[in-house]
Structure formats: C-alpha cells, structure tokens
C-alpha cells in the first residue's frame, strides 16, 4: 500500500510541474504564436524565421503596440520548437491555441510542417499567416478558410531559369537532365512543370530522375546524365543533397554548362560548404536586399549586424508574414479571430517582399529572380530590371 | 548505359567507398566486441571528427588529411571522460543501461552541435576531394582512393595492435571473458576505457574523411550509425579484418544496388542486406568465433 | 532486460487483486469519459497525448520489462497503423472503431510476420534488428510512391472533434492497461519472467519461449498500431518522416525508462512525466533535448527502476545496490 502512496505522490508532483509550466502572459497583451523547426534538419530555416517574426513584433511594440478598442496593447509572441516533426507542429499549435490563448498564428516551414499546423489552426478557426510553403503545395491540401500563404508559385520558379537562359543567350545543346526529390514541391516542379516547360522552350529532356529527399549518393544519376551529354542540369533538392550532388558531380568529372539547383542552393551555407564549387550555380530567389521595396536593404543590414551571419531571403518572408498579420490585427482593431481574418483578406500593401494581396485561394505570390553564386555571394542575373551582376557562363 | 566502363567504375567505387565505411564502423566493432556495448552515439563521434577536421583546417590552414593524427587524438581524449564518468559506473548493470546512456549522450551531442555550430550542413572543401581519377576504363573520385588508403592503413594498424601487442592480448582476453581475464590480472576497466577511446578515435578519423568526401550536419550521425551497424554485422563482431571485409562488401553491394535499381535504393539495399545477414548469420559471414 | 531490472517482487495476493485493478481502470474510464464536459481544450489535448503514450509505453514495457525484448522498432507499427487507418478511411469509408480494430490486427500480423527472423536474435542483436527493420520500412515508404512517397497522404474527411478523439484515445489506453493487468495478474506474468530471466531454463520447464515472446511482441505491436491510427486521424495529414520516424521509438523508450522498466506503473508515470516535461521545456526550445538526455543519464545511473522505483524507495524498505 505504501508504495502506491508514494507513486501517487510522484504523480501529484508531476501534475504540479505541469501547473508550473503554465506561463503567465500579461492580461492585456495580444498573444500570437508560432511553431518553428529550431532543431532537427530544418533548424537553419527555423532560425531565420524566428528572427523575422521577432523583429516585426519588436518594431510594433516599440512603436507603442496595437490599438484594440481604443487601448494600445503590446504584442507577445510565443515561439515553440517543433523539432522538424509534423506531430510536434500540430501539438504545439494546439497548445498555443488552447493553453496560451493566441489570437492568431504564424506558420512553420516546408509543406509537411506548415500543413500540420495549418490544419489545426484552420479547424480551430484561428487565423494563420505563413510563408515558406510553395503555393501549389499549399493549395493542394484543401480550401483554406483561415490560413494565408505568402510565397512563390512553383510554375514561375520553374520557368525562371528557362526564361533567364533564353534572354541571356546561353548557348547549349538544349539537352536537359532533371533531377528532383520526391517531396511535394520536388515532384511538382521536377516531375511536371519542368518537363512541360522544357518542351515549350525547345529543350529535349534526356533524363528525369527522382530520388528520396534524404538520399546521399547520386553516382548513377550523375553517370547517366553525363553519358547522355546533357549540358543543362536542373535540380530540385534540399541543401544537404544539393551539396552532395555538386560535390559528386565534380568527383565524377561532370560539368554541364548550366547547373540550376532549386531550394537547396539558396542558403549561404551551400556556398560556404562548397567554396569554389558553388560558383556559377543558378538558383531561383524570391527576395534580395537590393529589391526596391520599403525596408529591404535595411532588413538585411539589421540582420547581419545583429547576428553576424549572412542574411537569407527567409528573413524577409517571415518578417513580411508577421507584419501582414500585425497590420490586420491593427486594421481590425479587435482580437476577434473572424475580424482579423477578414482584415487579412483585405491586405493590399507593399512590404519588404513586394506588394502583398491575397487571391481567392488565400495565396500571395512573390516575384522570382534568378540568382547566381559568384565568389560566395548571390548575384541577381535576371530579370534585367533587377540585375546586380553579370551572368557567368558556362559553368567551370 | 550499362557498359563495361560504367559497371567496372561502379564496382571499384563501391570497393573504395567500402574501405571508408569499414573505417567508420571499426570503432563500433571493437567496442561491441570488447564491451558488449552498442555505442548508439557512434555516429555522433563521427560527426565530432568531421567538425574537428573542419575547424582544424580553418584554424591552422593545414590539410585535414595531414591532421588526421591530431583529430584521432582529440576525439580519443574526449571519449575518456565519457567512459570514466558515464559508462564505468554502469559496468555491472547489464548491456542496456550502458546502451541507453550512450543514446542519451547521442541526443545531447546533437543538441550541442546545433548550439555550438548551428544546424548548417557543412563540408570540408578541398580541391583534391572533388576530382575524378581515371585508370583505363575505370573512373572514380580521387578522394575515394585517398580515403581507402588511409582507412586500410588505420585498420591494419589497429589489427596489428590487437593481435600483436600486450594491450591487444588484454583486449582480446577481456572480449572473450571479462571475468576470467580479471582473475588473470588484466585491468579490465583500463582495457575497456582505452578500447572505447580507440573506437572513438577511429570514428573521428572516419568522420574527417566523410566530411571531406561528402557533407555532414548535426543530425548526420544517425544515418552513419545504421551503416556502421550493417558493416559490423556483415563482417563479424570484434573482428578487425572482418570489419574491413564487411565494409567493402556493403560498399560494393550498395553501389551495385544503386546502379541496378537507382540511387534512391542504395540505403534500402543496405538495410535489406543488413536484415538478411542479421537473420541468418548474426555473427557475421566471417565469424568463426570471436577474435 | 537482465541485471538492469531486478525482478519486482510481485507477491501473489488473492485473485481479488486483479479484479481490484480492473475495477480501478474501469472507474478511471468512467470518470475520464466525462472529462470533455469539464476540461478545456488544452487539458483534452494533453490527455490525448498522454493516452497515446500510455498505449505505446504499456506495450513496450511488456516486451522489455517482462519478456526481455528491448525494441527500437516502435515506429514501424505506429506508422503502419497510421497508413492503414488512412487507407481504410479514405478508400473504404469504414467507421473509425472498425478501422482501428483492423489496424490492430495489421500491427499484430506484421509482428507475427517478422518474428521468425527477429527472434533468432537474442539480446542486443534483437534491438539492433528492430532498429534496422524500422529504418527499412521508413525507407520503403519514402521511395514507394503508391503510398504518397515523401509527400504523404491526407485524410479526405475532417477528423472528429477533440472530445471524440479524446475518448478514442482513452479507450485505446484503457485496452492497453487492461491487457497489462491480464498479463500481470495471471499465470502469464510468471511465464513472462521465466522467459526474460533465462530462456533456456524456461524451455526445460515446459514453457515455449518462442510463443511467449511472440505473444508479447504481437500485443505490443497491435497496441502501437492502434495508437498510430488514432494519432494519424488527429493530425489529418501524414508522411513517412513523421509517422515512421525514429522519434517514436526513442520517445517510448525514454519514457518507460524514466517511469521504470518492468514496473507496473512505469508506463503511466513515464507517459505523464514525458508530457509534463515536454510542456515545461517547450518554452525553452534550445535546451529541451539536452535536458532530456541529461535526465535519462541521471536516472539510468541513480534510479534504474525509474521514477516509480524512486517512489518505492522512500519508505524504510531499501534494496541492496544492484
């Protein structure tokens, strides 16, 4: 019997720890929440998003907060780590809504995680603004009522390099090899959009290979492309795989004239890990500090001086998403989810990422540019209006 | 596509890569043989070695492959307190307690990597690491050959250590029967500690090679742990030469699998082979008894 | 688990002890069934998570604590349950209870299928084998696009509301606990311990170790599959990394060790502890993994019988150091 008493004491202790865990927000604060991958494979993205979200909230608070029913209130942002696990994103979102009583949510990153949180938010009728989720992948899940996405549209991203090659006059034998991972956007971009665009622009697809998202060896894929003489290689993979592909191509002695690596080649860690091998690689981008939008250059400068790291386009997407949400709360002048949701729908303003206006699918498109890594820096080579450098061709 | 050149290149690449895999698995094998411990943090020791090689290059400018001895010593030294403080007290508690402790060490290490070095994927970028070497009809990455040579040299050195020195004799005695060895005057605790450190040092060197040939990140450890387990099972527990053979076998099988079925199936082939061997010959193909 | 778990002195009291346990469980069911009418969403969600963990932990504890089988393959069955449930709900529109039942059967069937190979392996080899199996299955699910590949699949209908899901999870946890009562309070527990402590000796005594281990494995796998199924329904969208990921195996193992392997209350205490710890540390994202690891190390070293074991140490009855 005594043992049972002791164990129930242990259980009581546990329960009281639960109580201690309940954090107290000031009663007047406007609470918004986000679940981000701060550990696990996507921790790189998560840290940029965290910075972007926090900065937007800090700026609003410094300016006095948001006026709700006439009273100015501060905004409290609660961020939880979902460890790159969709199960955790879902449970974090639930807890933020039910325990911390957030009035609205900001999204995670990559379709799997965003979906998990968005489904919870949509069902709980809490507005969520997210970035970091390609629009077709976002739309394919369901017709959203409360979730809004600001990101690029895969078909535009896919078309960017073809357009760039055409306008910049890249002379190749027009033979294309497509390598893509089997994630949602990899399959859409690599499996459907690129082959169709290739035909449209007069290219011959000599190889279309799919591989698992976390694949480590690419020797056969590379060997096949090399033997078929493809001078243009289009890749859609995440960063570890992007690095592996570039290294293994070099080790196999295969250097096409044009190498485009979507997704994976975007972050600075790609260029840092590869050093000289990263030169000449093309990647689509949706933001750059040189864009002519309000606050773009300052955002990158602030990031670099605060964190001593190179900036990434993800700080802009998250910063803008948070600003859109905060502006909507201010426009609604209320913490009622329905009013905030209605205000988000009416968004029509220019942010650091450009003009944001949601269509009937709750998506807002970001413009695409083509970037090329040159000496560890991303240089915009297309379109002409946004150019910050010259196109290095062919790949060496 | 399937011409002589491609097939022979694939097989040679597989053999060379297998040598590197063998080195990464060697530490796991000897620790398993002597301490009956499945070191679940083994993959993370590899990653420690990879980071060590990367920063060695950054701070001294010396090529990490030349700095391999330094990396080995560094990782080995790190392993000593891990053994002394965490494993030694659990020596009489059965295998699961030590295994779970190493598992906890593994998750702490991964978290520490993220905190210290950020979650970025890294690679040791050296020019010689990404050029091909062509010998007749056969083409393969030069780094594979370099890695193979380093790996085999180290494996043979460890083999000599285990079979021809006093320490090696003590090690083998402890592996076969720790209690009997203790009664014969072998300081089993010391042998185990040094074996653990040796295993970690080998893992560290393997990690540097991986870092140069491929890439790594804080969470890379798990995948390498599984590969290493497969090598150990293929080659036989505690057998140093067996690990070399097991590694080469796995490397070759994976490469052939990748060629035949597609690169995405390499890991699957590896796991399938692993399970088959585990099911039918858990002591490994070469086991005649334990070394 | 050999020396790591000293056998708990299950003193055999009158057969009434088992009935008391059943009564307690049924009573708990009755009380908690009405929880949705009183408790807020937050507590229902925590309850849901706890019940899922309890179901998984009870099964794992049965395998490891009672039958000596330390498994790192929980994620196999969780994922299987998830995908089977979605398949049944999406394609055949079966009612959820029936889908979960079929799930359990599928989990048990997979366990039975792989056991001839897995049970050739003893001790550490078995653990490594389950790890390899889990990884193999995950790789398969990622590669084979018929199951959605890396994109996964979505539940076509909206899942039931939280109170309903809460009750489903409660029932699953209850089934798990009742099954454990059955194993612990009948002859089965003696047989299990005999197989755990010395398989060969037990065989000499007429026990058939293979059958016993198979039974524990099948039961644990069926429970894991059910838990995976209901978790998947709650998520509404599943993919291989989330449902077949190693974190399931790791979480279950951690919580049973923290609760106390082989202890009757180990799984429940472990599950409560894990959920509470997760909530407390969720506000300190940078450190929570490291702290979990540190807690594991400390507990393994100083409290090999977990929190429950600590609780049992407090009164005057002390054990000899293991």
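Just subtract the alpha-carbon distance of residue A:204 and residue A:58 from 0.36 nm times their residue separation and send over the number in nm, one decimal.
The span from residue A:204 to residue A:58 would gain 47.5 nm if fully extended.
Fewest first, what order do C:60, A:144 take by the number of other Cβ atoms within 10 Å?
A:144, C:60
Label points 7 Å out from Cα along the Cβ direction at residue C:203 and residue A:342: separation in nm?
Each label point is offset 7 Å from its Cα along the Cβ direction, giving 7.5 nm.
Percent of Cα-Cα pairs per 20 Å bin, from 0 to the last occupied bin, for chain C, please list those.
With a bin width of 20 Å, the distribution comes to 32, 60, 8, 0.
If you project the alpha carbons of the stretch C:12-108 onto the principal axes, what extent comes out on each, in Å, largest first?
49, 41, 23
If each residue's Cβ is checked for other Cβ atoms within 10 Å, how do B:159, A:180 rank with the fewest at the top?
Ordered by Cβ neighbours within 10 Å, fewest first: B:159, A:180.
Over the stretch B:4-280, what is the relative contact order in whole percent, taking alpha-carbon pairs under 8 Å and six or more residues apart?
41 percent
Rounded to the nearest 10 degrees, what's the angle between the helix A:154-167 long axis and the longest principal axis of chain A, both from Cα atoms, 0 to 90?
30 degrees
Please list, in order, the residues from the stretch A:248-277 whose amide nitrogen is less than 15 Å from a point placed 7 Å along the Cα→Cβ vector of residue B:223.
Output list for this probe position: A:248-249, A:264.
Which of rounded, prolate or oblate describes chain A when judged by the alpha-carbon gyration tensor and an a/c cut-off of 1.5?
Prolate is the answer for chain A, as a/c is 1.5 or above and a/b outweighs b/c.
Quick one: length gained pulling residue B:80 to residue B:128 fully straight, 0.36 nm per residue minus the C-alpha distance?
Taking residue B:80 through residue B:128 to full extension adds about 13.9 nm, to one decimal.
With a Förster radius of 41 Å, plug the Cβ-Cβ distance of residue A:125 and residue C:298 into 1/(1 + (r/R0)^6) and report the FRET value to the nearest 0.05.
0.40
Please state, to two decimals, what the Cα-based radius of gyration of the stretch B:4-280 comes to when divided by 2.2 N^0.38 Å (N = residues).
This ratio for the stretch B:4-280 stands at 0.98.
Springs between alpha-carbon atoms under 10 Å, Gaussian network over chain A: tell me which of A:327, A:100, A:28 tops the mean-square fluctuations.
A:28
What are the extents of the Cα atoms of the stretch C:159-302 along their three principal axes, in Å, largest first?
Here the Cα extents, ordered largest to smallest, are 54, 40, 27 Å.
Give the relative contact order (percent, whole number) for chain A; include only Cα pairs under 8 Å separated by 6+ residues.
Relative contact order of chain A: 17 percent.
Mean-square fluctuation check for chain C, GNM, Cα pairs under 10 Å: which of C:262, C:278, C:311 is largest?
So, out of C:262, C:278, C:311, the one fluctuating most is C:311.
When the gyration tensor of the stretch B:168-248 is built from Cα positions, what are the square roots of 5 times its three eigenvalues, in whole Å, from largest to smallest?
29, 15, 10
What percent antiparallel are the DSSP beta bridges of chain A, to the nearest 5?
30 percent
Once fully extended, how much extra length lies between residue A:384 and residue A:192, figured as 0.36 nm per residue of separation less the alpha-carbon to alpha-carbon distance?
Roughly 66.4 nm would be gained on extension.
Could you tell me the distance between the Cα centroids of the stretch B:220-256 and the stretch C:138-217, to the nearest Å?
If we compute the Cα centre of each part, the gap is 31 Å.
Can you put C:226, C:263, A:128 in order, fewest other beta carbons within 10 Å first?
C:263, A:128, C:226
Measure of size requested: the Rg and Dmax of the stretch C:142-204, with Cα atoms as the atom set and Å as the unit; please supply both.
Every Cα atom of the stretch C:142-204 included, Rg and Dmax give 20.7, 55 Å.
Convert 4 °C to kelvin, take the viscosity as 1.567 mPa s, use the Kirkwood radius over C-alpha pairs of the protein assembly as shown as Rh, and evaluate the Stokes-Einstein diffusion coefficient in µm²/s, rounded to a whole number.
Estimated via Stokes-Einstein, D reaches 44 µm²/s.
All of the numbers you see were taken from the coordinates with simple rules; none came from a lab. This structure is a prediction, so every number in the text was calculated from the model and none was measured. Quick reminder, even Gly has a Cβ in these numbers, built from the backbone with ideal geometry, and neighbours come from all protein chains shown.
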